[in-house]
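K.L.:
Before anything else, here's the structure in question.
The values are calculated or read from the model by the stated rules, or taken from the named source; none is laboratory data. Everything numeric in this text was worked out from a predicted model, so none of it was measured. Counting neighbours? That spans all protein chains shown, and the Cβs are built from the backbone with ideal geometry, glycine included.
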Amino acid sequence: MSYNISSIPLFDKQAKRLARKYPSLKKDLAELLKSLADSPEQGTAIGHNFYKIRLAISSKGKGKSGGGSILKKT
């Protein structure tokens with residue numbers, strides 16, 4: 001099965017800004033995209049085909065609770 005992964009411009013802008021503060025963010029996002037390609041059913045259902053995925057930011061050093069959240073639509 002094939003999937004299309006895209007982001008909105010606001011996310012791209014905010015991710016770029018955060019990547020300056022947390023250098024590992026680009027690598028962490030790339031790993032998440034690879035993980036989603038392997039098993040797209042990840043995340044916690046929050047309704048209307050939206051899922052929330054917790055993302056640990058390695059350079060922040062706080063684990064998922066201190067990281068970020070990614071919303072995906074199926």
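K.L.:
Every residue in the range 8-27 that is in contact with a helix residue (DSSP H, G or I) (Cβ under 6 Å, 6 or more places away or on another chain) and either assigned to a helix (DSSP H, G or I) or modelled with pLDDT under 90 (or both), please. I'd like the intermediate steps shown before the answer.
P.N.:
Going residue by residue through the range 8-27, those that are in contact with a helix residue (DSSP H, G or I) (Cβ under 6 Å, 6 or more places away or on another chain) are 18-19, 22-26.
Selection gives 18, 19, 25, 26.
K.L.:
Of 5, 70, which residue is touching a Lys or Arg at 6+ places or on another chain (Cβ under 8 Å) and not in a helix (DSSP H, G or I)? Break it down stepwise before answering.
P.N.:
Details: 5 fails: touching a Lys or Arg at 6+ places or on another chain (Cβ under 8 Å).
From the options 5, 70, the qualifying one is 70.
K.L.:
So, residue 37, is that one modelled with pLDDT under 90 and in a helix (DSSP H, G or I) or not? I'd like the intermediate steps shown before the answer.
P.N.:
Values: modelled with pLDDT under 90: yes; in a helix (DSSP H, G or I): yes.
Judged against the criteria, residue 37 is a match.
K.L.:
Step by step: first the residues of the range 6-63, then only those that are under 16 Å from residue 74 (Cβ atoms) and in contact with a Gly (Cβ under 7 Å, 6 or more places away or on another chain), then the one that is surrounded by the fewest Cβ atoms within 10 Å (Cβ to Cβ). Which residue is that?
P.N.:
Restricting to residues being under 16 Å from residue 74 (Cβ atoms) and in contact with a Gly (Cβ under 7 Å, 6 or more places away or on another chain), the top hit is 52.
K.L.:
Shifting gears a bit: Checking residue 24 against (1) among the polar types (S, T, N, Q); (2) touching a strand residue (DSSP E or B) at 6+ places or on another chain (Cβ under 8 Å); (3) touching a residue at least 24 places away in the same chain (Cβ under 8 Å), only one condition comes out false. Which one?
P.N.:
(2)
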